[in-house]
Amino acid sequence: MAKLTFRRHKLAALICTAALLLPASVQAKRLTILYVPLDNRPVCSSYVQQTMEAANCKIILPPEKYIASNEKNGNPDGIWEWLEHKAPKADAAVISTDSLIYGGLVASRTHNISQEELQNRVKHLYALKTTLPIKLYAFSTIMRTPRASKGRVEPPYYSSIGPSIFAYSQLLDKQDQGKLSPAERLTMQALERNMKKAELGDWLERREKNLLVNQELTRMARNGKFHYFAIGKDDNATLSATHMEGRKISLSTFDMSRDSFQILDGVDQLGLLLIARAYNEASGSKPSVYPMYSAGAGAATLPQYSDARLQDSVPQQIIAAGAVQAQSADSADLILALNTPQDGIVKDSTADDNQPFASVANKNFIGLIGKQLQAGRKVSLADISYSNGADNGFMQLLSNSGELEHLTAYNGWNTGDNAVGYAIAQGLIARDMSNEARNLLLRQRLIDDWFYQSNARRSVSNELEKHNREDLKYDLATEEKVILQQVTADCQRMVNDCQLTKGTKFSLSFPWKRLFEVDVEIKK
């Protein structure tokens with residue numbers, strides 16, 4: 001009997017030892033999350049799935065035929081049916097209400113759906129809580145107000161009168177705040193006269209429909225129909241229709257807890273950000289994040305396409321990820337390093353001054369990042385000195401310093417808010433990744449955000465401008481293969497020159513047949 005007892009204790013000890021050697025993600029039950037993305041762009045779909053599966057979290061997306069692409073709107077009815085079928089086998093669902101109501105992000109701006117049908121689709125959402133017996137994390141968007149837009153992502157008239165509509169929306173915002181001067185009122189009237197009544201009327205009607213849908217969704221959130229609900233402000237400015245509508249929604253929701261509802265800057269990062277929240281809540285963790293800014297404007301920086309300075313938007317995104325802001329680097333689970341322009345003026349990464357020469361501010365900030373890494377802290381870098389790509393001088397010096405490979409995550413894509421959201425989410429989720437998985441994601445983002453966006457894309461753009469073929473930026477058409485070969489060669493050269501990425505096998509593709517984004521696939 002004594003020998004049997006001894007053997008049992010020995011077996012129990014061996015099991016406990018083995019469990020301690022396993023990563024936390026393997027020890028726990030594998031989390032399964034249903035995910036309805038805005039559309040099939042990599043940042044909204046495949047990159048999100050790859051990030052979470054690197055931490056052993058199963059992400060299930062609807063069939064590709066139901067998801068919006070550059071060629072078609074999504075299929076709300078198909079997604080509804082898929083959700084109801086899959087829900088019993090999942091732990092949570094993160095859903096884009098734009099996909100369920102309009103058929104995707106672009107469709108939310110270009111649809112011809114009647115107000116009655118939109119209301120019927122919103123009513124269908126009311127039944128979700130009963131239909132899906134799992135936690136629901138949902139996100140919507142306030143219709144964007146771009147300064148200009150080409151391609152098929154806005155109503156056709158926007159390519160010609162977009163700048164006038166944007167100027168008009170700024171005055172509309174000022175008028176709503178009671179700040180319109182007599183001269184500005186005359187300007188507003190002139191803009192109204194110079195635009196076709198039908199086109200301006202169509203744009204205003206679309207905005208009204210979008211606002212009514214969002215107001216109804218916030219009422220659903222107030223009534224507990226979602227576990228958590230966020231509204232993202234897409235392509236925005238401090239004076240714009242997007243800013244005005246965000247303010248109206250804020251006034252009607254000021255008393256709601258940020259644990260259940262938030263209005264956030266940026267849109268494309270929301271899918272991953274909310275999945276990170278679901279992941280953290282499922283594990284019972286409330287990680288802390290400390291924002292660390294480069295010298296100069298730092299937290300006071302106003303990113304392009306945003307109506308909020310980083311000091312206001314970054315804390316909101318930390319909350320959205322299911323985390324809290326740490327008061328010091330010493331007490332933080334993750335340090336969010338934010339590379340911002342010293343003068344606070346954000347330009348596009350294709351700007352002439354985005355050269356591979358580091359400034360004194362770059363050197364000092366890299367030194368600060370190095371000290372945190374050497375102290376054993378986790379650092380996720382949001383490289384937002386430029387929009388739509390990396391800061392070449394900063395990244396070249398960081399790569400040469402040998403610290404690049406020690407980062408927990410790196411992001412420098414699209415808007416500052418997009419990159420910050422991804423940097424928070426990937427940085428937090430990395431705790432349950434193997435070094436190999438984390439390294440793969442790091443290399444993917446470097447190839448996309450640094451090598452392609454700030455260099456290969458700029459090179460092709462310059463060539464197209466020289467030959468008066470700027471139209472190809474928005475529709476690659478028959479030149480897609482030739483352009484893909486050129487950008488792949490440019491990226492391959494940079495891959496070979498960077499110590500971290502050297503030897504990486506990868507392929508690029510243009511998922512939306514335009515220059516703005518690529519899909520980077522790392523070959524294992």
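The values are calculated or read from the model by the stated rules, or taken from the named source; none is laboratory data. Everything quoted here is computed from the prediction, not taken from an experiment. FYI the Cβ positions are ideal-geometry reconstructions off the backbone, even for glycines, and counts take in every protein chain you see. Note: areas computed on protein heavy atoms with side chains; ligands, DNA, RNA excluded. Shrake-Rupley method; radii C 1.70, N 1.55, O 1.52, S 1.80 Å.
So the values come out like this:
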read-out	value
Members of segment 105-131 that are closer than 19 Å to residue 66 by Cα and in contact with an Asp or Glu (Cβ under 8 Å, 6 or more places away or on another chain)	105, 106, 107, 108, 109, 110, 122
Unique match (being open to solvent by 70 Å² or more (accessible area, probe 1.4 Å), of a type in the set (Gly, Ala, Ser), farther than 30 Å from residue 274 by Cα and at pLDDT 95 or above) among 198, 183	198
Extreme residue, farthest from residue 136 (Cα to Cα), among residues of segment 56-84 that are crowded, with 17+ Cβ neighbours inside 10 Å and aliphatic (A, V, I, L, M)	68
Of all residues in segment 158-190 being of a type in the set (Gly, Ala, Ser) and not in a helix (DSSP H, G or I), the one that is farthest from residue 306 (Cα to Cα)	181
Hits in segment 196-243 (condition: closer than 15 Å to residue 261 by Cβ, part of a loop (DSSP other than H, G, I, E, B) and of a type outside the set (Lys, Arg))	223, 224, 226, 227
Test: residue in segment 239-258 that is open to solvent by 70 Å² or more (accessible area, probe 1.4 Å), within 21 Å of the chain's Cα centre (by Cα), within 26 Å of residue 133 (Cα to Cα) and at pLDDT 95 or above	yes
Subset of segment 327-345 (residues that are in contact (Cβ under 8 Å) with a residue 60 or more places away in the chain and surrounded by fewer than 22 Cβ atoms within 10 Å (Cβ to Cβ))	333
Qualifying positions in segment 132-154 - under 27 Å from residue 470 (Cα atoms) and crowded, with 18+ Cβ neighbours inside 10 Å	143, 144, 145, 146, 149, 153, 154
Qualifying positions in segment 286-297 - in contact with a helix residue (DSSP H, G or I) (Cβ under 6 Å, 6 or more places away or on another chain), among the hydrophobic types (A, V, I, L, M, F, W, C) and either surrounded by fewer than 24 Cβ atoms within 10 Å (Cβ to Cβ) or in a helix (DSSP H, G or I) (or both)	295
All positions within segment 326-346 that are closer than 20 Å to residue 430 by Cβ and in a loop (DSSP other than H, G, I, E, B)	326, 329, 330, 331, 332, 333
Only listed residue being without any contact (Cβ under 8 Å) to a residue 12 or more places away in the chain and out of contact with any helix residue (DSSP H, G or I) (no Cβ under 7 Å at 6 or more places or on another chain), chosen from 257, 283	257
Condition broken by residue 267, with the remaining ones in (1) open to solvent by 10 Å² or more (accessible area, probe 1.4 Å); (2) part of a loop (DSSP other than H, G, I, E, B) satisfied	(1)
Contacts under 6 angstrom Cβ, first residue in segment 455-471 being assigned to a helix (DSSP H, G or I), partner open to solvent by 80 Å² or more (accessible area, probe 1.4 Å), 6 or more apart	464/470
Number of positions in segment 304-325 that are open to solvent by 10 Å² or more (accessible area, probe 1.4 Å) and part of a loop (DSSP other than H, G, I, E, B)	5
